[in-house]
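S.K.: Pasting a structure below so you can have a look.
The values are calculated or read from the model by the stated rules, or taken from the named source; none is laboratory data. Keep in mind the model is a prediction, meaning the values are calculated, not measured. Ideal geometry is used to build each Cβ from the backbone, glycine not excepted, and the neighbour counts take in all protein chains shown. Side chains included, ligands, DNA and RNA excluded: accessible areas come from the protein's heavy atoms. Shrake-Rupley method; radii C 1.70, N 1.55, O 1.52, S 1.80 Å.
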Amino acid sequence: MKLVRKDLEKDNAGQVTLIPEEPEDMWHTYNLLQVGDSLRASTIRKVQTESSTGSVGSNRIRTTLTLCVETIDFDSQACQLRVKGTNIQENEYVKMGAYHTIELEPNRQFTLAKKQWDSVVLERIEQACDPAWSADVAAVVMQEGLAHVCLVTPSMTLTRAKVEVNIPRKRKGNCSQHDRALERFYEQVVQAIQRHINFEVVKCVLVASPGFVREQFCDYMFQQAVKTDNKLLLENRSKFLQVHSSSGHKYALKEALCDPTVTSRLSDTKAAGEVKALDDFYKMLQHEPDRAFYGLKHVEKANEAMAIDTLLISDELFRHQDVATRARYVKLVDSVRENMGTVRIFSSLHVSGEQLGQLTGVAAILRFPVAELSDQEDESSSEED
């Protein structure tokens, strides 16, 4: 993402002009947009024209519109973003108050104006415009006959290819059908890796599977690379890292990212940091439940006691339609930071973010036990009885 201009007033009202450069920038833009914002961008409008003879025709004309945002639609797989709203600025082709849908595109600038730019939104702009935040991890999660080739970016896990091949069972005295199908499957996975993984950017390719599937696949891939003199795979051999996962489904990627060898290799990537934080929270919940809270009310109470060491919060919560509710989450984030706590904002498109979403989207690891909360809750419930 490229920041063209930033004009903010003292009360944090103002506008920002950005140019999305990568598909992932559309995800950042989706998180920046809110209902009620003003969006100015170039778009195509179908305009009816009447000739001097009275015949009516229609032309598609490119024009710049300013909309008051009403609905935002994001397609995570295609990384497309459509914003619908009413026109709020005079335009020769579109009447004031008329509805229009702008499709935001990479490499086309837009200006976003808000009545209030909060700390979470400004931090996202900073991250989106930092070139270090790019897709530096790829993963192949596989089992016999099924593989997912994924890119793990700082904000989402993108499935780039799914390979499915029916593998017949081994029969006594005749394994040829099974072996041929397995070879065909491995070949398709190798092709998917070459097609979808950019080795110039990717620091590490995780190959995760149950059993010996990953070893057999890597042996096959590098034997073929030697035979065909595939320089791309041979030069990047050191980037492949084999780890265990329970299956070849996308959700098994979290286990692979939790592996200690992976964590040390990816210590400087945001994705690994999020997974580790969530893992620490679950361990704390198991061994010291008084130091692991989830749910907004509980976490706010712990924050009042200045007990929060690490706050885990899903970016989905900052897209809340209700301004007061959103402000409540932003206040929590700012307060934890003021009290020297760490804040990790999880992406709801990440495997770890999906898991946090199941825990209400907000959780905290505490510096010290806060037992009174559960006691208070027990008292209030007994009073109600």
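S.K.: Rounded to the nearest percent, how much of the accessible area of the range 2-129 (1.4 Å probe, protein heavy atoms only) is carbon and sulfur?
M.R.: Ligands and nucleic acids excluded, carbon and sulfur give 43 percent.
S.K.: From the cross-link list Lys114/Lys250; Lys2/Lys114; Lys114/Lys301; Lys46/Lys115; Lys203/Lys231, which pairs have alpha carbons spaced over 25 Å apart?
M.R.: Beyond 25 Å: Lys114/Lys250; Lys114/Lys301; Lys46/Lys115.
S.K.: While we're looking at this one, here's another question. As a test of understanding, state the convex hull volume per residue of the range 271-377 from its alpha carbons, in Å³. Don't skip to the answer; put the middle values down first.
M.R.: Values: hull volume 10.2 nm³, N = 107.
Looking at the range 271-377, the number lands at 95 Å³ per residue.
S.K.: Then there's this: Over the range 101-226, consider all pairs of different Cα atoms and compute the Kirkwood hydrodynamic radius from their mean reciprocal separation; express it in Å, one decimal.
M.R.: After inverting the pairwise mean of 1/r, the radius is 17.6 Å.
S.K.: Just to confirm the filter: which GluC sites (Glu not before Pro) across the range 81-185 are DSSP coil and have at most 13 other Cβ within 10 angstrom of their Cβ?
M.R.: Details: sites: Glu90, Glu92, Glu103, Glu123, Glu126, Glu144, Glu164, Glu183; in loops: Glu90, Glu92, Glu144.
Answer in residue order: Glu90, Glu92.
S.K.: Please work out how much accessible surface Leu349 shows to a 1.4 Å probe, ignoring ligands, DNA and RNA, in Å² rounded to 10.
M.R.: 40 Å²
S.K.: Over the residues of the range 2-129, compute the C-alpha Rg and express it relative to 2.2 N^0.38 Å.
M.R.: For the range 2-129, the normalised Cα radius of gyration is 1.16.
S.K.: Next up: Could you tell me how far the Cα centroid of the range 27-41 sits from the Cα centroid of the range 167-201, in Å?
M.R.: 43 Å
S.K.: Share of the range 136-268's accessible area from carbon and sulfur, percent, 1.4 Å?
M.R.: C and S atoms contribute 47 percent here.
S.K.: Taking all protein chains in place and a 1.4 Å probe, what share, in percent, of the accessible surface of the range 271-377 do carbon and sulfur account for?
M.R.: Percent of accessible area from carbon and sulfur atoms in the range 271-377: 51.
S.K.: How much of the DSSP bridge set in the range 120-245 is antiparallel, in percent, rounded to the nearest 5?
M.R.: Numbers: 15 of 25 bridges.
Looking only at bridges with both residues in the range 120-245, the antiparallel portion is about 60 percent.
S.K.: Testing the spin-label approximation: label points 7 Å from Cα along Cα→Cβ at Gln224 and Thr101. State their distance in nm.
M.R.: About 4.0 nm separates the two model spin labels.
S.K.: Also, quick follow-up: What FRET efficiency comes out for the pair Asp75/Ser42, r = Cβ-Cβ distance, R0 = 25 Å, nearest 0.05?
M.R.: Rounded to the nearest 0.05, the efficiency is 0.80.
S.K.: Could you provide, to the nearest whole Å², the per residue accessible area of the range 2-129 with probe 1.4 Å? Spell out each step's value before the answer.
M.R.: Values: 7040 Å² over 128 residues.
Result: 55 Å² of accessible area for each residue.
S.K.: Something else: With a 1.4 Å probe and every protein chain left in place, work out the accessible area per residue of the range 271-377 in Å², rounded to a whole number.
M.R.: Spelled out: the 1.4 Å probe surface of the range 271-377, per residue, equals 47 Å².
S.K.: Skip the ligands, DNA and RNA, and give the accessible area per residue of the range 136-268 with a 1.4 Å probe, whole Å².
M.R.: 50 Å²
S.K.: Here are a few candidate values for volume of the Cα convex hull per residue in Å³: (1) 208; (2) 236; (3) 161. Which one was actually calculated from the structure I just gave you?
M.R.: (2)
S.K.: DSSP beta bridges in the chain, what fraction antiparallel, as a percent rounded to 5?
M.R.: On the way: 65 of 81 bridges.
The antiparallel proportion sits near 80 percent.
S.K.: Subtracting the Cα-Cα distance from 0.36 nm times the residue separation, let me have the gained length for Ser51 to Val323 in nm, one decimal.
M.R.: Details: separation 272, 0.36 × 272 = 97.92 nm, distance 4.81 nm.
Residue separation times 0.36 nm, minus the Cα-Cα distance, leaves 93.1 nm.
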